Amino acid sequence: MAASSSSTPPRWVYDVFLSFSGKDTRKNFVDHLYDALVRHNIRTFKDDEDLKRGSSIKPELLKAIEGSRFAIVILSQNYASSSWCLDELVKIIESKNLGGLTVLPVFYHVDPSDVRKQTGSFAEALEYHDRDRVSGWRQALTEAANTAGWDVENVANGHESKVIQELVVEVFRKLNHPVSNGQESLVGIESRVNEVKSLLELGTDDVRFFGIWGMGGIVHWWCHFLSDVREMSEKCGLEYLQKEIISQILRLENVKVDSISHGINRIRSVVCHKKVLVILDDVDSMDQVNALAGNRDWFGKGSRIIITTRDKRILDVNKNLAKIYEVHLLSEAKSVELFNLNAFRKVHHPKEFEKLSALVVKYAGGLPLALTVLGKFLYDRDAKMWKNAVDRLKDIPEDDIIGKLRVSFDHGLKRVEQDIFLDIACFFKGEKEDYAKRVLGSFDFYPGIGIRVLVQKSLIVISNGKLQMHDLIQEMGWHIVRKGHLKQPWKYSRLWDPQDVCDVLAQNTMRIEVLYKCLGSNLYKKHYYSKSFFGFNITIIMNFCSCAGTEAVEGLQLVLPKTTKVDFSSDALRKMDRLRLLKFHNVYLSQGFEYFPNQLRWLYLRSYPSKSLPPSFEAANLVGLEMPFSRLEQIWAKRKRVNKLEFIDLSHSEKLIRTPDFRDIPNLQMLVLEQCTSLVQVHQSIAFHEKLVLLNLGGCTNLRSLPGNIQLVSLEKLVLSDCKRLDKFPDIQGDMDRLSELYLDGTAIKELPLSIERLKNLKLIDLSTCKFLGSLPSSICSLHSLRILHLSGCSKLSKLPENLGNLGCLEELHADGTAVIQLPPSFELLKNLKILYFRGCKPQSSISPFLHRGYRIDCTGTLICMCSASTVPEVDDGSFVLPGTEQKREWLVTFGTEINDSNCEPLSRALNDAKFGPGGKTKLKFHLLQYKRDNGCLIELIGVKIPDDAGRWIDQVSNPPTKAIVRKLATTSPQNRTPVTRWR
């Protein structure tokens, strides 16, 4: 064997594993740390479950530790109280000692010596554990404490944000360091990075353009850029890429660009005063450069624009370029190192493989991609397989990169894995992993296993939840599909190139028309196979049809960057009997198809023009039906049983008036009818469907009713948002334990049924802008799993249930714009409440005591109290009275967002600069004291008398880990008030 899998480091699944005590840090330090890591594209494992800590650690956590490069261990006060945490630590130290894991300890408000010696709180915690296990835990704690780490108390004066910043920088630096922990993909990068750094001359203030040129498989190998300009411009158009640049620089979503010229103007306005680094990856046209980074005067001083390409002519004609950097192939020594790290998981190869290794390296020709793929293919293979691979490589021409890469496809993959690879190369590169798995699963390909194999062999990567593939590897897939049938696309198993698709469908159309004219309409129709015809005629027809030659096509995709009219015959698909995937996107058809192959598994047709699918389409094998923005009035004109159909998406089909009988679709799991604005009702059979997981009827503005009773035992998410004419929610028959999200916002619902209590695991209810909702049933307070309740905009809702305090898990209550004038006494029982919104309400003084008392905040989180100015009793002159005082001040102190190092000073300055009183002439001094231990805040109001009983909330603020914030009411009169805003 070439190498033993048990003795080699694991392939990294995660960059970072977080080990922490949820009780201490889950909702504060760890939450912020995780967010910072993810924002820097660092793959991070964080166990988000509210685990019942048992006696043994879960196997998936052990695998996550083994598959991580770094473990950040947050050692907090209660860390040693959890046997689960201690078991994690033992596994982490074990992996560290095996050489596959780097440990980064964080001493979170604990003394490192207490951890090292197990004194203080760590000594107390260990006393309560099983003595037989304590010895190993003590050893792990000592070793962790002896590792260089971060003591939060002594880093940046105790500011947690600084600690998080340092941690992220350290991890990011090590992840991108060329010699860190077996990063075989980065062999030879250090010298190149240094060369590019010197090329950029970062110390100068002028704007500079640079080009990086190299053959495929080199530039992509060592430059990790965000955008594949060539491919994305072909698929989505240059406007899409312009939006991407603007959204990344401004960190905004849903940026609008109407045209290329509009996009150019927007980019210039966004970056003209900014110092930016713009990287245009894999450019193959000057039009792309001109649309995305046209000239130096677009950018602010010190900006750098880097263009990578395989075509040096693109760089030669660009007058903005200062220099061009050519990326060369790897040297022989670096080639050997890279290959060995992939084939043997170490720098040096075993002696018995010395000659074979040298031959493989020679045939790879210094191309990093080939060295990586071949190394992964030969890893853990015996000598016989190595010799076969070398023999294959000998016969491949020196410049045939695709041929060299194909060795791993032909001999390293099973048939089903090959099919998955080819489908990804032709149809699913850049698609979300979950969606691709759903479609591939409809072909019985078992994609969970197959995709994992392809990742292990470096044939694909998963980045930001999407399937990605190197251009050369994708070209290899295309080459395999086309081989032997050059310029005969009708013989390909997969069609993806728009020109090939149009040619094949046009030829099919022409042949069908010729057949029709030659043999007559009666003979052309489907019954030409009838026994009433002579065998001679049947033979002629069959032979004539076979000349179309499209029987080989299994998948056909026509995706255009902009909506384009394309004319095909309604019978263009007639001879594609093996077709399992059909996708048309941005294709405007003048007429629908009269024939779909019955082998179809997944059908995606955007903007389909017909009123229904053809009656000849039996759909016996159909699993997915996606026809958004169609003109369908109904799916089928007549009732049809489709046992395999699991997914239906007819969103934005504004002509849809009828849904099928769902008894004929017994395995349906997802039904999306969003924005079907002509739909008045849904077939009654939906009420008791046993397999439905998602039902989305959002935006069906004419939907008037649902079945009177429902029992959807598998349903997890129900969306009825903006069904403006829906005035009644069905009674729930039996338990619906799986439903976790219910969206009724924007409906005309007047009340909820008492049976709402049957939704035992509901975590979110959105009733916002239900303007006719007058009350909530008391049974809603039986939803003990409910975490978020949205009531904002329910203008007729004047009262909350008396037993509201029974919602023990409630974390967020949004009641903006309601008519609520009183909080029920049980409100104080909501121990987990973190966010409370009453903005825009007009509650009377009954809410003021809530603020005056300094509402008891549970130590697990923060209460954000967003109140309008009218929450506080008014005085005639338009100023306000702090509850419990007699002084008039236009300000309000409430509990809220955490004050930390990043917002403390700006907040303090803003408060001190604020002017109060009539005309805004009076200044009050506020003094904020930052606490190291709890990161909380003590607020001192200089020159303002604080009543004795108000000290209760000040004491609370200063006790860990409660947080508080000051909010200003910027008003000068009752008629001119601005609502409170959150200060960050």
Exercise for the section: Please go through the stretch 322-353 and pick out each residue that is part of a loop (DSSP other than H, G, I, E, B) and closer than 26 Å to I306 by Cα. Expected result: V327, H328, L329, L330, S331
Exercise for the section: Collect the residues in the stretch 566-603 that are of a type in the set (K, R) and in contact with a Ser or Thr (Cβ under 7 Å, 6 or more places away or on another chain), keeping them in residue-number order. Expected result: K575, R601
Problem - Residue list for the stretch 557-575, filter: in contact with a Gly (Cβ under 7 Å, 6 or more places away or on another chain) and either outside any strand (DSSP E or B) or crowded, with 17+ Cβ neighbours inside 10 Å (or both) - result: P561, S570
Handout entry: In the stretch 156-195, residue modelled with the lowest pLDDT [restricted to those that are surrounded by fewer than 17 Cβ atoms within 10 Å (Cβ to Cβ) and acidic (D, E)]
Key = E190
Practice task
Answer yes or no as to whether S826 is among the hydroxyl-bearing types (S, T, Y) and either out of contact with any Ser or Thr (no Cβ under 6 Å at 6 or more places or on another chain) or open to solvent by less than 10 Å² (accessible area, probe 1.4 Å) (or both).
Solution key: yes
Exercise for the section: Look through the stretch 635-652, keep the residues that are open to solvent by 40 Å² or more (accessible area, probe 1.4 Å) and under 34 Å from the mean Cα position of the chain (by Cα), and return whichever of them is farthest from R574 (Cα to Cα). Expected result: H652
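Out of the residues in the stretch 339-351 that are touching a Gly at 6+ places or on another chain (Cβ under 7 Å) and touching a residue at least 40 places away in the same chain (Cβ under 8 Å), which is surrounded by the most Cβ atoms within 10 Å (Cβ to Cβ)?
Selected residue: A343.
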Handout entry: Leading residue by the ranking (least open to solvent (accessible area, probe 1.4 Å)) among those in the stretch 755-775 that are in a strand (DSSP E or B) and under 15 Å from L807 (Cβ atoms)
Key = I765
Fill in the blank from the handout: Residue set A80, A71; condition more than 20 Å from N154 (Cα to Cα), more than 32 Å from the chain's Cα centre (by Cα) and crowded, with 24+ Cβ neighbours inside 10 Å; output residue A80
Exercise for the section: Could you please give the count of residues in the stretch 559-582 that are in contact with a strand residue (DSSP E or B) (Cβ under 9 Å, 6 or more places away or on another chain) and of a type in the set (K, R)? Expected result: 3
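For the stretch 692-713, which residues satisfy the criterion of being under 22 Å from R663 (Cβ atoms) and out of contact with any Leu (no Cβ under 6 Å at 6 or more places or on another chain)?
Result: V693, L694, N696, S705, L706, P707, G708, N709, I710, Q711, V713.
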Exercise for the section: Working carefully through the options L459, L393, L405, find the one that is in contact with a Ser or Thr (Cβ under 8 Å, 6 or more places away or on another chain) and either part of a helix (DSSP H, G or I) or closer than 21 Å to V336 by Cα (or both). Expected result: L459
Exercise for the section: Write out, first by first residue and then by second, each pair whose Cβ atoms fall under 7 Å of each other, whose residues are 6+ apart or on separate chains, and whose first residue, in the stretch 577-592, is aromatic (F, W, Y) while the second is assigned to a loop (DSSP other than H, G, I, E, B). Expected result: F584/R606; Y588/S607
Exercise for the section: Give the residue that is modelled with the highest pLDDT, with candidates limited to residues of the stretch 837-857 that are under 11 Å from S792 (Cα atoms) and of a type outside the set (S, T, Y). Expected result: F838
Exercise for the section: Restrict the check to the stretch 707-721 and report whether at least one residue is surrounded by 15 or more Cβ atoms within 10 Å (Cβ to Cβ) and acidic (D, E). Expected result: yes
Exercise for the section: Check I686 against each of (1) part of a loop (DSSP other than H, G, I, E, B); (2) surrounded by 22 or more Cβ atoms within 10 Å (Cβ to Cβ); (3) touching a helix residue (DSSP H, G or I) at 6+ places or on another chain (Cβ under 7 Å) and name the one condition it does not meet. Expected result: (1)
Completion exercise
Those residues of the stretch 776-821 which are in a loop (DSSP other than H, G, I, E, B), of a type in the set (V, I, T) and modelled with pLDDT of 95 or more amount to none
Handout entry: Which listed residue, of S630, S610, S616, is closer than 22 Å to P660 by Cα, open to solvent by less than 10 Å² (accessible area, probe 1.4 Å), of a type in the set (G, A, S) and in a loop (DSSP other than H, G, I, E, B)
Key = S630
Handout entry: Subset tally (residues that are basic (K, R) and surrounded by fewer than 17 Cβ atoms within 10 Å (Cβ to Cβ)) for the stretch 300-338
Key = 5
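Answer yes if at least one residue in the stretch 653-675 is within 30 Å of G774 (Cβ to Cβ) and either outside any loop (DSSP other than H, G, I, E, B) or open to solvent by 10 Å² or more (accessible area, probe 1.4 Å) (or both), and no otherwise.
Filtering the stretch 653-675 for residues within 30 Å of G774 (Cβ to Cβ) gives 673-675.
Add one more test, that the residue is either outside any loop (DSSP other than H, G, I, E, B) or open to solvent by 10 Å² or more (accessible area, probe 1.4 Å) (or both), and what stays is 674-675.
Scanning the stretch 653-675, I find at least one residue that is within 30 Å of G774 (Cβ to Cβ) and either outside any loop (DSSP other than H, G, I, E, B) or open to solvent by 10 Å² or more (accessible area, probe 1.4 Å) (or both), so the answer is yes.
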Practice task
Evaluate the stretch 368-378: report whether one residue or more is more than 29 Å from V336 (Cα to Cα), assigned to a helix (DSSP H, G or I) and in contact with a Gly (Cβ under 6 Å, 6 or more places away or on another chain).
Solution key: no
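So is L752 modelled with pLDDT of 95 or more, in contact with a helix residue (DSSP H, G or I) (Cβ under 8 Å, 6 or more places away or on another chain) and not in a helix (DSSP H, G or I) or not?
yes
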Handout entry: Residue check, R578 more than 26 Å from T550 (Cβ to Cβ), open to solvent by 70 Å² or more (accessible area, probe 1.4 Å) and not polar (S, T, N, Q)
Key = no
Fill in the blank from the handout: Condition set open to solvent by 60 Å² or more (accessible area, probe 1.4 Å) and either part of a helix (DSSP H, G or I) or at pLDDT 85 or above (or both), scope the stretch 280-294, selection nearest to S269 (Cα to Cα): answer is N290
Exercise for the section: Return only the number of the condition from (1) modelled with pLDDT under 80; (2) open to solvent by less than 10 Å² (accessible area, probe 1.4 Å) that G375 does not satisfy. Expected result: (1)
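Every residue, every condition in (1) at pLDDT below 85; (2) among the aliphatic types (A, V, I, L, M), yes or no:
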| position | (1), (2) |
| --- | --- |
| H224 | yes, no |
| E234 | yes, no |
| G237 | yes, no |
| L241 | no, yes |
| V255 | yes, yes |
| I267 | no, yes |
| H273 | yes, no |
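With the requirement that a residue be modelled with pLDDT of 80 or more and touching a helix residue (DSSP H, G or I) at 6+ places or on another chain (Cβ under 8 Å), what does the stretch 48-67 give you?
L61, L62, I65, E66, listed by residue number.
The values are calculated or read from the model by the stated rules, or taken from the named source; none is laboratory data. This one's a predicted model, so the numbers in the text were calculated from it and none came from an experiment. All Cβ positions, even for glycine, are placed from backbone atoms using ideal geometry, and neighbour counts span all protein chains on display. The area values use the complete protein model at the heavy-atom level, side chains included, leaving out ligands, DNA and RNA. Shrake-Rupley method; radii C 1.70, N 1.55, O 1.52, S 1.80 Å.
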